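Everything below concerns the one structure shown next.
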Amino acid sequence: MSTFGLIGYPLTHSFSKRYFTEKFEREAISDVNYALFSLENIGMLDALLKEQPDLRGLNVTIPYKIAVLPYIEELDPAAAAIGAVNCLKIDPDTGLIKGYNTDAYGFEASLKPFLKAHHQKALIFGDGGAAQAVKYVLNQLDIPFLSVVRKSQEGAIGYTDLNETLLTQYTILINTTPLGTFPEVDACPDIPYDYLGAEHLAYDLIYNPEETLFLRQARLRGAQTKNGLEMLTLQAEKSWEIWNS
């Protein structure tokens, strides 16, 4: 029996477990299981690896996409460039751990069909592990971006710095924060939504709820919207491909 799973904290709900369990049943994949491993701190990973000798791969979610890096012996080039990992492949013979970033693959593949000629610049809300994958993709696509965080700092502006001029220039809006995730569905990035219009594309990495308050506010003002479900599906399939390569 080979075990795959997800590490993060807290793991109150999991797309990954449901997705892989259904995939294994649908595709008649036997002798495998997918488990949730809620780790209160990343230091618990060592014990998990010893307790679960059948582990062959792990997905990594908030808040460990960067904190997990010291535990990895080898980094895929894209993951090294991004500086964040969301997929671990564990060699069954040596125990060597290789880190990958499938968020970038999923984000790029799900974003590109929505891009139009006037989508020239992007605003990224948040600056955690998921944001690093988004930055990597935007760089690959030659799309300039600004990071937006709670308090302006070097390399990022604050939410209070957003104004009509900026939102006219930056027509791709990407939420990488957990704001609006179920059950805290009444939260959203604090931006001046009234400056949004039909020229904007609002992308939220959150998938639950299907339409976050961020997306609803943008949609009501005419913007095109996209949630994170397709990105998650694509990155999950990429993880499975990596684990079995």
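Coordinate-derived values only; no laboratory data. Treat the numbers as computed from the prediction; the structure is a model and nothing was measured. Please note: Cβ atoms are built from the backbone with ideal geometry, for glycine as well, and neighbour counts cover all protein chains shown.
Values as computed for the structure displayed
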read-out	value
Simple label model, 7 Å out from Cα along Cβ direction - GLU51 to SER152, nm	4.7
Structure-based [θ]222 nm, the chain - -39500 (n - 2.57) summed over DSSP H runs of at least 4, per residue, nearest 500	-9000 deg cm²/dmol
Full-stretch length increase - THR12, LYS112 - with 0.36 nm per residue and alpha-carbon distance subtracted	32.9 nm
Cα shape, the stretch 104-230, gyration tensor, a/c 1.5 rule	rounded
Between the stretch 189-245 and the stretch 1-47, the alpha-carbon center distance in angstrom	24
Taking the chain and dividing mean pair separation by its residue count, relative contact order in percent (alpha carbons under 8 Å, at least six apart)	15
Fully extended contour minus Cα-Cα distance, from THR165 to THR233, at 0.36 nm per residue	20.9 nm
Computed magnitude of the charge dipole of the chain (debye, nearest 20; Cβ of K, R +1, Cβ of D, E -1)	400
Mean separation of Cα contacts under 8 Å, 6 or more apart, over the residue count of the stretch 104-230: relative contact order %	22
Principal-axis tilt of helix 102-111 within the chain, Cα atoms, nearest 10 degrees	40
Selected from THR12, LEU36, GLY83, residue furthest toward positive end of dipole (the stretch 2-100; charges at beta carbon)	THR12
